[in-house]
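Student: Structure incoming, see below.
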Amino acid sequence: MTELKNELIRHSAADLAAKLASREVTAVEVTQAHLDRIADVDGQVNAFLHVNSEEALAVAAEVDAARAAGGSAAQELHALAGVPIAVKDLIVTIGQPTTAGSKILEGWHSPYDATVVKKLRAAKMPILGKTNLDEFAMGSSTEHSAYGPTRNPWDLDRIPGGSGGGSAAAVAAFEAPLALGTDTGGSIRQPGAVTGTVGVKPTYGAVSRYGAIAMASSLDQIGPVSRTVLDSALLQEVIGGHDPFDSTSLTDPFNDLVAAARVGNVAGMKIGIVKELHGEGYQAGVENRFNESLQLLRDAGAEIVEVSCPNLKYALGAYYLIMPSEVSSNLAKFDGVRFGMRVLPKDGPMTIERVMGATRAAGFGDEVKRRIILGTYALSAGYYDAYYGSAQKVRTLIQRDFDAAFAKADVLISPTAPTTAFRLGEKLDDPLAMYLNDVATIPANLAGIPGLSLPGGLADEDGLPVGIQLLAPARQDARLYRVGAVLESILEEKWGGPMLAQAPLLGSASTTAGGSN
Amino acid sequence: MSVDATLSFEEAMEKYDPVLGFEVHVELNTKTKMFSSAPNVFGDEPNTNVNEVDLGMPGVLPVVNKTAVESSIKIGLALNCKIAESCRFARKNYFYPDTPKNFQTSQYDEPIAYDGYLDIELEDGTVFRVEIERAHMEEDAGKLTHMGGAAGRIQGADYSLVDYNRSGVPLVEIVTKPIEGAGSRAPELAKAYVAAVREIVKNLGVSDAKMERGNVRCDANVSLRPHGRERFGIRSETKNVNSLRAVEHAVRYEIQRHAAVLDSGEPVIQETRHWHEDTRSTTSGRPKSDADDYRYFPEPDLVPVVASREWVEELRATLPEPPAERRKRLKEAWGYSDLEFRDVVNAGVMDSIEETIAAGASADVARKWWMGEIVGRAKVADVDPSELGVTPQVIVELNKLVEGGKINNKMATQVLDGVLAGEGTPAEIVEKRGLAVVSDDGPLLEAIDAALAAQPDVAEKIRGGKVQAIGAIVGGVMKATRGQADAGRVRELILEKLGVQG
């Protein structure tokens, strides 16, 4: 039984869906296998802030009942029905707490479901629980969580990336086949890169943001986390589509993603290397794996061209003005008046201002406070034009740079992150060094274009995962899945299997060899 | 609290020239709120007309109410404004518990309507053009009730209750350009301007326009400058002046107060003032400077509002006749004098008279009933005349009964009281109360004989040609018949009896 469960957790979502459809396994078995794995390894990984066993098993049982009943009940099941999923704890859920990784929301239960959560429920995908993150998604290491850091399954002394380290680590550690993340400056893709998983930031507006606790509204985007490119395509088709509750959501159906992941060739496609997104500042092992992927794509018949986006050098600066500006306003609602933590001032008059102040002082961590202060400053009268205004102009220039680049290439390619996973604590006291982790991912958020990170191999010097990032024009998410799936299959052929097969087993499995893989 | 010194209005006017400015907030009567699907309803249990969006729960997003945009465009067009082809919302950031997100979603530098004007007709017919700078969309805040302490004020309160039912109610804020040249008519103009805005939004059907409910709220800016000087003085902003009378009084008071401050050689403090109806004066609120920093920035959760020219023209075509034009048309059609028409308008019965005429009454009859009978009764009952319970059909019916000689005017007013008391239709009341003009001459002749016998000297006078003395006999007959006789017929019969030509 243990061996069977171990086998089940190694399957992709697509495989699980097929096994469920053929009734080779039940949804309860699949869900229980993942819950067991969580029980087994999450003490080491700390990917989950909340495990939702009861509800997940109940949903799985519903799926099994529908399949057993046959007829229309079985036919109406979504292809991913019964395939479990983890949800980043920035996304609100009825019936489970939502903390955003912050003390200020400790114990808070949302009275409503995020639109993406409603879609998961409609598809009857059991929700395994809520995953750890940097507080309010602010960070690149998940060390800024108020509930302790998540650890990288490849090396428990290293960070799993951030802010969505919990979702990435859960998927990398086989605790979940799929997860939802949110990506404001790389929070899906950079954790994907350093944990050897696939992460996609869809086109801005492709997935409803309703119910994702806003960090920076004009940059935030919910997206899939998985172990294969096809799985991400399957998941994006579940969660995407227009939402009347999000006026920035697009009306495009984005229903060609799975088909794109199955095209299977890149012959004749033009793939652009972004001159500014590799080279200096990138770890040698990262550069090597990147160059290797380029050669493999060239061998597969793609035309590799070089493009330049000269304004990308201003991207990080612009991002760290726009993002904190929006943060300072979006996080104003956390004041202890209507929900969440309320802290009364220790002494002195009990005025509303002082209660709000005491609550925010006690409830927010340092990184959150840093960004609120930065953003408040950047929006202040007299500074607005110089900071927020200039940053918006840079944003426009970057969008134009990408427009020009996409006139020459169908997709762009770069390393996802400049380095492999660093050690816990290594950059915690150096915010600027931490911010540099997102240098290659931030431009896609500023431009609103989709980006995908997939495993590109292990760096020679440390044996840790390297991520390859693909970027496409807005609304052309399908191109990412087409090229990503092809590169993935070429690489896996080269490796002789999925890269994650090389990751440590963790938990009781690490002492009882065999049974897996 | 010290009482501010004031100059007399006349003296203030001698020395200074007032400049006014108004911000009028209009609550729209859309079914749902500005950015959420919660109901926009006044007066329900606190915190019942709210959803997660109105409460600013984590993760929520706003969605613009299309009807509110339509209403805003209509208001803009009625104020002769240009309508922006595309405009954005902005966030006005400030911490206050009546604003659940701790920012208000408003419009900042891109109002939906701008550069308009409104021609205001003053009592004597003078027309004064008020330039409109902008009309923009925003959301209302919740309502705080301060408990404990003095008179519901935040100072000294033990705690405050907050009701978010009003949070997110759609507002249009109409901002004038500085209004110069009103001189001593400034208070009158202030009242007339707010009345005109109120009338326009009511006429458009976009707001319930009840000032007592806060559907229309006025902030009045006043500054003074010495005559002949171009530069504006320092202004005060009197908040929430919520009746037409109060607008007039507040502007007058502020002019007198500013004049006294300037006379004393002190600078006027730029601040908000609170209006107190009981003392008809203002008190200092918080200092307000142009440096108040709300850290406005474009609302990233909303896409721009695009108003295509086709849509704007479609809406323009649906606009009702402007109130001022309508008044001009009705006055001519009804043939009222200036004074009569102004009284009708001021009494608030123009619509009722129009409906009564439409129901079949003549213009004069309609005016006689509404102005002569109903307005007075409404005042006693402290309701709008139109809400007293008199329908145009009642008046038409009453008038028919009078004209048909069934009842006289005096009886008709009794029938009206019966209608208001819920006794039924006029015909039913005439029946029930036994009211009918006595038309059988028999009883009348008896009464006439008795009256003549009772006052033989008067009868002699009439016989002698002093016909004007007949009143005493008619009076006697009417008294004897308890007013049910037709006085005209009584007079005829008396003259006949005495053989005198009327």
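The values are calculated or read from the model by the stated rules, or taken from the named source; none is laboratory data. Quick caveat, the model's predicted, so the values are computed rather than measured. So basically every Cβ, Gly included, is an ideal-geometry build from the backbone, and we count neighbours across all protein chains shown. Side chains are part of the model used for accessible areas, which takes the heavy atoms of the whole protein and leaves out ligands, DNA and RNA. Shrake-Rupley method; radii C 1.70, N 1.55, O 1.52, S 1.80 Å.
Student: Of the conditions (1) open to solvent by 40 Å² or more (accessible area, probe 1.4 Å); (2) closer than 12 Å to residue B:24 by Cβ, residue B:207 clears all except one; give me its number.
Tutor: Failed condition: (1).
Student: Could you check the range A:231-350 for helices (runs of 4 or more DSSP H) lying wholly inside it with 2 or more residues that are farther than 22 Å from residue A:209 by Cβ, open to solvent by 50 Å² or more (accessible area, probe 1.4 Å) and polar (S, T, N, Q)?
Tutor: Correct list: A:284-299.
Student: Moving to a separate point now. What are the pairs with Cβ atoms under 7 angstrom where one residue, in the range B:297-313, is within 14 Å of chain A (Cβ to nearest Cβ) and the other, located anywhere, is in a loop (DSSP other than H, G, I, E, B) and among the hydroxyl-bearing types (Ser, Thr, Tyr)? Sequence gap at least six, or different chains.
Tutor: B:300/A:217; B:300/A:218; B:301/A:217; B:301/A:248; B:302/A:247; B:303/A:247; B:303/A:248
Table: residues versus (1) under 25 Å from residue B:5 (Cβ atoms); (2) outside any loop (DSSP other than H, G, I, E, B).
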position: B:198; (1), (2): no, yes
position: B:202; (1), (2): no, yes
position: B:229; (1), (2): yes, no
position: B:232; (1), (2): yes, no
position: B:240; (1), (2): yes, yes
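Student: Which residues, taken from the range B:115-131, are closer than 15 Å to residue B:197 by Cα and over 20 Å from the mean Cα position of the chain (by Cα)?
Tutor: B:116, B:117, B:129, B:131, listed by residue number.
Student: A follow-up question, please. May I ask you to list the residues in the range B:299-336 that are within 30 Å of residue A:205 (Cα to Cα), of a type outside the set (Val, Ile, Thr) and surrounded by fewer than 13 Cβ atoms within 10 Å (Cβ to Cβ)?
Tutor: B:308, B:309, B:310
Student: Please give the number of the condition residue B:56 fails out of (1) farther than 22 Å from residue B:216 by Cβ; (2) open to solvent by 10 Å² or more (accessible area, probe 1.4 Å).
Tutor: (2)
Student: Name the residues in the range A:394-411 that are touching a Ser or Thr at 6+ places or on another chain (Cβ under 9 Å) and either exposed (fewer than 15 other Cβ atoms within 10 Å of the Cβ) or within 11 Å of chain B (Cβ to nearest Cβ) (or both), would you?
Tutor: Across the range A:394-411, the qualifying residue is only A:404.
Student: For residue B:160, state whether it is part of a helix (DSSP H, G or I) and open to solvent by 10 Å² or more (accessible area, probe 1.4 Å).
Tutor: For residue B:160, the condition - part of a helix (DSSP H, G or I) and open to solvent by 10 Å² or more (accessible area, probe 1.4 Å) - is not met.
Here's the yes/no breakdown for (1) of a type in the set (Ser, Thr, Tyr); (2) free of Cβ contacts under 8 Å to residues at least 40 places away in the same chain; (3) over 30 Å from residue B:191 (Cβ atoms); (4) away from chain A (no Cβ under 13 Å):
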| site | (1), (2), (3), (4) |
| --- | --- |
| B:28 | no, no, no, yes |
| B:44 | no, no, yes, yes |
| B:75 | no, no, no, yes |
| B:126 | yes, no, no, yes |
| B:137 | no, no, no, yes |
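Okay, residues lined up against (1) more than 14 Å from chain B (Cβ to nearest Cβ); (2) in a helix (DSSP H, G or I); (3) in contact (Cβ under 8 Å) with a residue 24 or more places away in the chain:
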| position | (1), (2), (3) |
| --- | --- |
| A:360 | no, yes, yes |
| A:370 | yes, yes, yes |
| A:374 | no, yes, yes |
| A:383 | no, no, no |
| A:392 | no, yes, yes |
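Student: Within the range A:205-215, track down each residue that is buried (at least 24 other Cβ atoms within 10 Å of the Cβ) and either of a type outside the set (Lys, Arg) or more than 23 Å from residue A:438 (Cα to Cα) (or both).
Tutor: The answer is A:206, A:207, A:208, A:210, A:211, A:212, A:213, A:214, A:215.
Student: What about residue A:129, is it among the small types (Gly, Ala, Ser), out of contact with any helix residue (DSSP H, G or I) (no Cβ under 6 Å at 6 or more places or on another chain), more than 29 Å from residue A:436 (Cα to Cα) and outside any loop (DSSP other than H, G, I, E, B)?
Tutor: Yes, satisfied.
Student: Report, by residue number, each residue of the range A:228-271 that is out of contact with any Asp or Glu (no Cβ under 9 Å at 6 or more places or on another chain), within 14 Å of chain B (Cβ to nearest Cβ) and touching a residue at least 24 places away in the same chain (Cβ under 8 Å).
Tutor: Selection gives A:243, A:245, A:250.
Student: Then there is this: I'd like to verify a number: residues in the range B:277-295 that are open to solvent by less than 70 Å² (accessible area, probe 1.4 Å), within 27 Å of residue B:233 (Cβ to Cβ) and within 14 Å of chain A (Cβ to nearest Cβ), how many?
Tutor: Step one: list which residues in the range B:277-295 are open to solvent by less than 70 Å² (accessible area, probe 1.4 Å), which gives B:281-285, B:288-289, B:292-295.
Those left that are additionally within 27 Å of residue B:233 (Cβ to Cβ): B:281-285, B:288-289, B:292-294.
Among the residues that remain, those that are also within 14 Å of chain A (Cβ to nearest Cβ) are: B:289, B:292-294.
Adding up the residues that qualify gives 4.
Student: Quick check on my filter: what residues within the range A:7-62 are among the charged types (D, E, K, R), buried (at least 17 other Cβ atoms within 10 Å of the Cβ), free of Cβ contacts under 8 Å to residues at least 40 places away in the same chain and more than 22 Å from residue A:238 (Cα to Cα)?
Tutor: If the condition is that a residue be among the charged types (D, E, K, R), buried (at least 17 other Cβ atoms within 10 Å of the Cβ), free of Cβ contacts under 8 Å to residues at least 40 places away in the same chain and more than 22 Å from residue A:238 (Cα to Cα), then A:29, A:36 are the ones that fit.
Student: State whether the residues of the range B:260-276 include one that is open to solvent by less than 10 Å² (accessible area, probe 1.4 Å) and more than 14 Å from chain A (Cβ to nearest Cβ).
Tutor: Yes, the range B:260-276 contains a residue that is open to solvent by less than 10 Å² (accessible area, probe 1.4 Å) and more than 14 Å from chain A (Cβ to nearest Cβ).
Student: Of all residues in the range A:359-370 being hydrophobic (A, V, I, L, M, F, W, C) and open to solvent by less than 20 Å² (accessible area, probe 1.4 Å), which is farthest from the chain's Cα centre (by Cα)?
Tutor: First pass over the range A:359-370, keeping only residues hydrophobic (A, V, I, L, M, F, W, C): A:361-362, A:364, A:368.
Adding the requirement that they be open to solvent by less than 20 Å² (accessible area, probe 1.4 Å) leaves A:364, A:368.
Working: A:364: 23, A:368: 19 Å.
Filtering the range A:359-370 for residues that are hydrophobic (A, V, I, L, M, F, W, C) and open to solvent by less than 20 Å² (accessible area, probe 1.4 Å), the one farthest from the chain's Cα centre (by Cα) comes out as A:364.
Student: Then there's this: For residue B:124, only one of the following conditions fails: (1) part of a strand (DSSP E or B); (2) open to solvent by 40 Å² or more (accessible area, probe 1.4 Å); (3) modelled with pLDDT under 90. What is its number?
Tutor: Single failed check for residue B:124: (1).
Student: Further, regarding this structure: Could you run through the range B:471-497 and say how many residues are out of contact with any Asp or Glu (no Cβ under 7 Å at 6 or more places or on another chain), assigned to a helix (DSSP H, G or I), open to solvent by less than 20 Å² (accessible area, probe 1.4 Å) and touching a residue at least 40 places away in the same chain (Cβ under 8 Å)?
Tutor: Total satisfying the criteria: 2.
Student: Could you grab me the full set of residues in the range B:66-76 that are surrounded by 23 or more Cβ atoms within 10 Å (Cβ to Cβ) and either assigned to a strand (DSSP E or B) or of a type in the set (Lys, Arg) (or both)?
Tutor: B:74
Student: Okay, moving on. Across the range B:77-97, which residue is nearest to residue A:329 (Cα to Cα) among those that are open to solvent by 10 Å² or more (accessible area, probe 1.4 Å) and within 7 Å of chain A (Cβ to nearest Cβ)?
Tutor: B:95
Student: Separate question: Considering (1) modelled with pLDDT under 95; (2) touching a Phe, Trp or Tyr at 6+ places or on another chain (Cβ under 7 Å), say which one residue A:254 fails and leave the rest.
Tutor: (2)
Student: Would you pick out the residues in the range A:73-109 that are surrounded by fewer than 24 Cβ atoms within 10 Å (Cβ to Cβ), in a loop (DSSP other than H, G, I, E, B) and within 14 Å of chain B (Cβ to nearest Cβ)?
Tutor: The answer is A:94, A:96, A:106, A:107, A:108.
Student: If you don't mind, another one. Somewhere in the range B:53-65, is a residue within 14 Å of chain A (Cβ to nearest Cβ) and part of a helix (DSSP H, G or I)?
Tutor: So the first thing to find is which residues in the range B:53-65 are within 14 Å of chain A (Cβ to nearest Cβ), and the list is B:53-65.
From what's left, part of a helix (DSSP H, G or I): none.
Looking for residues that are within 14 Å of chain A (Cβ to nearest Cβ) and part of a helix (DSSP H, G or I), one finds none in the range B:53-65, hence no.
Student: Yes or no: residue B:246 free of Cβ contacts under 8 Å to residues at least 40 places away in the same chain, more than 12 Å from residue B:24 (Cα to Cα), among the small types (Gly, Ala, Ser) and out of contact with any Ser or Thr (no Cβ under 6 Å at 6 or more places or on another chain)?
Tutor: Values: free of Cβ contacts under 8 Å to residues at least 40 places away in the same chain: yes; more than 12 Å from residue B:24 (Cα to Cα): yes; among the small types (Gly, Ala, Ser): yes; out of contact with any Ser or Thr (no Cβ under 6 Å at 6 or more places or on another chain): yes.
Against the criterion (free of Cβ contacts under 8 Å to residues at least 40 places away in the same chain, more than 12 Å from residue B:24 (Cα to Cα), among the small types (Gly, Ala, Ser) and out of contact with any Ser or Thr (no Cβ under 6 Å at 6 or more places or on another chain)), residue B:246 qualifies.
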